[in-house]
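Colleague: Quick one: this structure, given as structure tokens, is what I'll be asking you about.
The values are calculated or read from the model by the stated rules, or taken from the named source; none is laboratory data. In this text, all values refer to a predicted model and were calculated from it rather than measured experimentally. Note that each Cβ is placed from the backbone with ideal geometry, even for glycine, and that neighbours are counted across all protein chains shown. When the accessible area is computed, the model is the full protein with side chains, heavy atoms only, and any ligands, DNA or RNA have been set aside. Shrake-Rupley method; radii C 1.70, N 1.55, O 1.52, S 1.80 Å.
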Amino acid sequence: MQVNDAIERAALFATGEGFDAATREAAKAIMQDEQQLLSCFGSELSFGTGGLRGILGVGTNRMNAYTVARATQGLADYLAQTGSKDVAIAYDSRLHSDEFAHVAAGVLAANGVKAHVYPRLMPTPMLSFAVRELGCDAGIVITASHNPAQYNGYKVYGADGCQITEEAAGKITACIERVPYGAARPMSQTQARGAGLLSDIPQSVFDAFIEKTLSCRVNPQAAAPLRLVYTPLHGTGLEPVRAVLDQMKGVERIEVAEQCVPDGHFPTCPKPNPELREALALGLELAEREGADLLIATDPDSDRVGVAVRRRNGEYAVLTGNEVGLLLMEYVLRSRIQNGTLPQNPVVVKTIVTSDLAFAIAQRYGVTVTECLTGFKYIGEIIGRLEAAGEAERYVFGFEESCGYLAGTHVRDKDAVMACMLVTEMAQSAAAQGRTLADEIDALYAAYGHMENRLLNFDIAGAVPMERMKQVMAALRSDPVKALAGSPVTAVKDYSAGIEGLPKSNVLSYATDDGLKAIVRPSGTEPKVKVYLSVRASSREAARSALDQMEAQMRRLIG
């Protein structure tokens, strides 16, 4: 049945009037290879709260102009139900990102919806900002975040500047499913502009974003000399990060020239993920040559930031996303208490897979920690609920282990531009006392206890990997993990039931009484099952030993 469905879809691409000649020829060639046929046409890219994401190419399971046009027609049909008429659009440096952005704008225009498009590549957080700044009803950003070069994606935001909710995603999906492939025809840019249905987002929006970002500094007087290496990893961060860092006294910025050129092939870092040391290789080499105090790197759409700091022995330590988040949380809370700006009943938000050491820090400062599901959209939703209650000022900081951070409420997604500013300011504040961020993380562990975290990614192969991912999770539910590193599991949580006031999610959590935890979830954007391991122990060595045992166990179970 699946092969028959794939043949039917491929035949449409091969013969349909709505497809260009190159696409028709490629579809015909794919039909000659059953594995390729199943891979490209055996399923469809699923649309969820993260929108679409997939490998570039021809097919219903690929990112291309036709899957983008179909998704946008579905979005336009959904917006028509609510009378919405304005959408902001941004795109990153990935292959075909600008093309897909203008296909989306053209389809919207053909439906009488005005598209406000950034005239040059811009970070994802600046799309979130533009939606609210321009009073738009929705937003689209063309990006695959930190994925390798063969990927691209399409994310949709609501009028609140957050990625869409499960409810909205379901309604948009229903609209998309009614649109035949090749049926959505974009209006030309010339026609759209002439009809007043396409306009550039003005420079004033960029300037307002930078101003709002700078207003989130918690210690603007910090001005200790700091040599800093920055790299945008061929992405969108260069212009806004420069604009922010240029306003900070005492900062000597050194850029990785090769990676300042936007390039969707990512020639110097095939995996442009700032969580990975390999992605930071050129930056670390330059930092070592220059004797820099700090390295910061933003991913292609500049919503994540990676950080490395020079230790006193000259070596560079790459901090984990959890470590940077915990340092920023402690720094923001401490600074705002010192300058008298910490609000009453302050709230810090973290995802369920992010370090539980946040609870110990929060207890010291009298702060409430609110947990949410994995994905920064849930942090954005919590900000929105606080705002609706007239309590937006209570939100102090939010973070997730995958290098995503946010202070302030003008953006409703993780923001690497702001994070670069705060990490730099935090390093300057430490330098004023003769310390480094390496000293700060050591002090944090000494004060709150040592915690180590590790993320395991299990790539799922095959023509239809999503089915295999379902099988992995079903097997874990039928035969639950009973021990971690030899310690009995005493708490099992299955988030598919919608527990602890959170939406239903395909996530399993196992914990022991002595501080070991493993959380398993399939990726929503890639054919991967992710396992988040954490250990709280008396020392780094003890924690890593337990992590090694847990990793070996999980590789036997899933790998």
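Colleague: Over the chain, consider all pairs of different Cα atoms and compute the Kirkwood hydrodynamic radius from their mean reciprocal separation; express it in Å, one decimal.
Modeller: It is 24.4 Å.
Colleague: In degrees between 0 and 90, to the nearest 10, how far off the longest principal axis of the chain does helix 376-388 point, with axes built from Cα atoms?
Modeller: 80
Colleague: How do Asp293, Asp207 rank by accessible surface area computed with a 1.4 Å probe, from largest to smallest?
Modeller: Largest to smallest exposure gives the sequence Asp207, Asp293.
Colleague: Please work out how much accessible surface Glu252 shows to a 1.4 Å probe, ignoring ligands, DNA and RNA, in Å² rounded to 10.
Modeller: That residue has around 90 Å² of solvent-accessible surface.
Colleague: Let me ask something else. Quick check: from the Cα gyration tensor, does region 1-157 come out rounded (a/c under 1.5), prolate or oblate?
Modeller: prolate
Colleague: In degrees, nearest 10, range 0 to 90: what is the angle between the Cα axis of helix 540-557 and the longest Cα principal axis of the chain?
Modeller: 30
Colleague: Can you give the net charge of the other residues whose Cβ lies under 12 Å from the Cβ of Val113, counting K and R as +1 and D and E as -1?
Modeller: -1
Colleague: To continue, here is another question. Taking a cut-off of 25 Å between Cα atoms, list the lysines near Lys470, but don't count ones fewer than 8 places away on the same chain.
Modeller: Lys155, Lys171, Lys377, Lys482, Lys493, Lys504, Lys517, Lys528, Lys530
Colleague: For region 15-140, calculate the relative contact order in percent as a whole number, restricting contacts to Cα pairs under 8 Å that are 6 or more residues apart.
Modeller: Rounded, it is 20 percent for region 15-140.
Colleague: May I pose another question? If you line up the long axis of helix 203-214 against the longest principal axis of the chain, both from Cα atoms, how many degrees apart are they, to the nearest 10?
Modeller: Here the helix axis deviates by roughly 30 degrees.
Colleague: I would also like to ask the following. Just how much of Arg9 is accessible, in Å², when a 1.4 Å probe is used and the result is rounded to the nearest 10?
Modeller: 60
Colleague: Another question about this same structure. Students sometimes get this wrong: rank Leu333, Leu276 by accessible area, probe 1.4 Å, all chains present, largest first.
Modeller: Largest accessible area first, the residues go Leu276, Leu333.
Colleague: Would you mind calculating the gained length between Ala443 and Arg120 on full extension (0.36 nm times residue separation, minus the Cα-Cα distance), in nm to one decimal?
Modeller: Gain in length upon complete extension: 112.0 nm.
Colleague: What Kirkwood hydrodynamic radius, in Å, does region 146-227 give when the mean of 1/r is taken over all pairs of distinct Cα atoms and then inverted?
Modeller: About 18.1 Å for region 146-227.
Colleague: What 222 nm value per residue comes from the helices of the chain, counting each DSSP H run with n ≥ 4 as -39,500 (n - 2.57) and dividing by all residues, nearest 500 deg cm²/dmol?
Modeller: The per-residue figure over the chain is -12500 deg cm²/dmol.
Colleague: I've got another one for you. Looking at Thr298, Phe359, Ala29, which one has the Cα that reaches farthest to the positive end of the dipole of the chain (charges on Cβ: Lys, Arg +1; Asp, Glu -1)?
Modeller: Farthest along the dipole direction, towards plus: Phe359.
Colleague: Related question: Using the Cα atoms as the points, what is the convex hull volume per residue of region 295-449 in Å³?
Modeller: Looking at region 295-449, the number lands at 106 Å³ per residue.
Colleague: Whole-Hz ³J(HN,Hα) for each residue in region 179-188, computed from phi via Karplus 6.51 cos²θ - 1.76 cosθ + 1.60 with θ = phi - 60°, x for glycine and proline: what do you get?
Modeller: 9, x, 4, x, 7, 7, 10, x, 6, 5
Colleague: What shape does region 394-473 take by its C-alpha gyration tensor, where a ≥ b ≥ c are the square roots of the eigenvalues and a/c under 1.5 counts as rounded, a/b above b/c as prolate, and the rest as oblate?
Modeller: Judged from the Cα gyration tensor, region 394-473 comes out prolate (a/c at least 1.5, a/b above b/c).
Colleague: Could I ask something else about it? First check a/c for region 98-205, with a ≥ b ≥ c the square roots of the eigenvalues of its C-alpha gyration tensor; if it is under 1.5, answer rounded, and if not, answer prolate when a/b is larger than b/c or oblate otherwise.
Modeller: The shape class here is rounded.
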